[in-house]
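Below is one structure; the comments refer to it alone.
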Amino acid sequence: MTTQMRRAGTSIAANLAEGCGRHGDAELSRFCSISLGSASELQYFLLLARDLQLLKSGDYDRLAEKTTEVKRMLTGFLHKLKAAGGALNALQSKFQISLAMLRLAEDVARLWATP
């Protein structure tokens, strides 16, 4: 499960980065949707780890909150991409989402780091 959580967490950022490297908002939107799916997958694994008592409640609460925030930002970013003329706002959103995903991925990696 540790490997799956790490993969899901890093996939969020990796798919957004790949979408940013593509041409056009349609491609970016597609990869952003994939990132959103990876965030949902991470959310599931966090719930499962908590329910199996592999994750402390406090750690779950912190990571679940960050994952939910990343999902909110990705959803908002998708809406901005679909809105006409939102290029500057979309660029600002990309930056904010990237920072949030980086922090989330670091927290997941730190939590499941092997001693």
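The values are calculated or read from the model by the stated rules, or taken from the named source; none is laboratory data. Since the structure is predicted, the reported quantities are computational estimates derived from the model, not experimental observations. Note that we place each Cβ from the backbone using ideal geometry, even for glycine, and neighbour counts take in every protein chain shown.
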Region 48-74, residues that are acidic (Asp, Glu), more than 17 Å from residue 4 (Cβ to Cβ) and in contact (Cβ under 8 Å) with a residue 12 or more places away in the chain: 69
Any hit, region 92-112, residues being under 14 Å from residue 8 (Cα atoms), crowded, with 17+ Cβ neighbours inside 10 Å and modelled with pLDDT of 75 or more: no
Selection within region 13-54 - out of contact with any Leu (no Cβ under 7 Å at 6 or more places or on another chain), aliphatic (A, V, I, L, M) and either under 18 Å from residue 80 (Cα atoms) or crowded, with 20+ Cβ neighbours inside 10 Å (or both): 16, 17, 26, 34, 42
Residue within region 77-90 that is surrounded by fewer than 17 Cβ atoms within 10 Å (Cβ to Cβ) and at pLDDT 80 or above present: yes
Selection within region 55-65 - part of a helix (DSSP H, G or I) and either of a type in the set (Asp, Glu) or buried (at least 21 other Cβ atoms within 10 Å of the Cβ) (or both): 59, 61, 63, 65
